1. Just the number, please: Stokes-Einstein D of the chain in µm²/s, Kirkwood Rh from C-alpha pairs, 25 °C, 0.890 mPa s.
2. Which ³J(HN,Hα) values, rounded to whole Hz and listed in residue order, are derived for the stretch 25-32 from phi using the Karplus coefficients 6.51, -1.76 and 1.60 in 6.51 cos²θ - 1.76 cosθ + 1.60 with θ = phi - 60°, glycine and proline given as x?
3. What do you get for Rg/Rh of the stretch 74-152 when both radii come from the Cα atoms and Rh is the Kirkwood radius?
4. What residues have an amide H closer than 5 Å to that of N70, excluding those fewer than 5 places away on the same chain, when H is modeled at 1.01 Å from N in the peptide plane?
5. Do the sum for the chain: with -39,500 (n - 2.57) for every DSSP H run of n ≥ 4, divided by all residues, what is the mean residue ellipticity at 222 nm, to the nearest 500 deg cm²/dmol?
6. With each label point set 7 Å from Cα along the Cα-Cβ vector, what nm distance links D15 and Y140?
7. About the Cα centre of the stretch 2-150, what is the dipole size in debye to 20, counting +1 per Lys and Arg Cβ and -1 per Asp and Glu Cβ, all else neutral?
8. Name the long-range amide H neighbours of D84: under 5 Å, sequence gap of 5 or more, or other chain; modelled H, no Pro or chain starts.
Amino acid sequence: MQLGNGDGSFQARADYPTGGLPHSIAEGDFNNDSHSDLVVTNDNSVGVLLGNGDGTFKAKVDYATGSFPNVVAVGDFNQDHNLDLAVTDLNEHIVGILLGNGDGTFLAPVNYDTGDGPGQIAIQDFNGDGKLDLAVVNSYDNTVSVLLGNGDGTFQPPRSTIPPDSSHAPSRPAILTAIAS
């Protein structure tokens, strides 16, 4: 990490241990102290580094996930104003949801099936019900899994798997109609 000096130059780099095979990083305020915190996927867990507010971070705390966590994303899935994590697992074909406690700690993951080779995660209210939903791209079977959120931190099983190739995919309104039904 390199902090900017505000004039286009940077301070000396600071490195923070993440664990083996770091692959994805996301930012959020996980302990509600108004300081940016980081979460990084590694070997078989996600590591959370709580920010000190001065550009430095505390030592990481690991939370077990699947065998190959691939991508991590941040959202408030249970509407408690505490940030939660969504983590795809490339080997186990799942997305794990770790609910945040608001103090920088997380509950054990609850896993949901995806397609084959889940990667990037989009978080949005896709069906307009005021609850965050997930869309997960599956690189091994060329699909997108959409999991509708229940607003309590849980998700419905994928209701629609959509090929990302636009020549085979229905139009966006058709997709949203299929998801909402």
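1. On the way: Rh = 17.1 Å.
Roughly 143 µm²/s, to the nearest whole number.
2. Rounded to whole hertz, the list is 9, 9, 10, x, 9, 7, 10, 6.
3. On the way: Rg = 12.3 Å, Rh = 12.7 Å.
Checking Rg against Rh, the ratio lands at 0.97.
4. Here the answer is T88, D89, L90, since their amide H atoms fall under 5 Å of that of N70.
5. Numbers: 1 runs with 9 residues, N = 181.
After summing the helix terms and dividing by the residues of the chain, the value is -1500 deg cm²/dmol.
6. 3.2
7. Values: 4 positive and 21 negative charges, 58 e Å.
That gives a dipole near 280 debye.
8. G75, D76, F77, G100
The values are calculated or read from the model by the stated rules, or taken from the named source; none is laboratory data. All figures in this text were calculated on a predicted structure; none of them were measured in a lab. FYI the Cβ positions are ideal-geometry reconstructions off the backbone, even for glycines, and counts take in every protein chain you see. Just the protein is used for accessible areas: all its heavy atoms, side chains included, with ligands, DNA and RNA removed. Shrake-Rupley method; radii C 1.70, N 1.55, O 1.52, S 1.80 Å.
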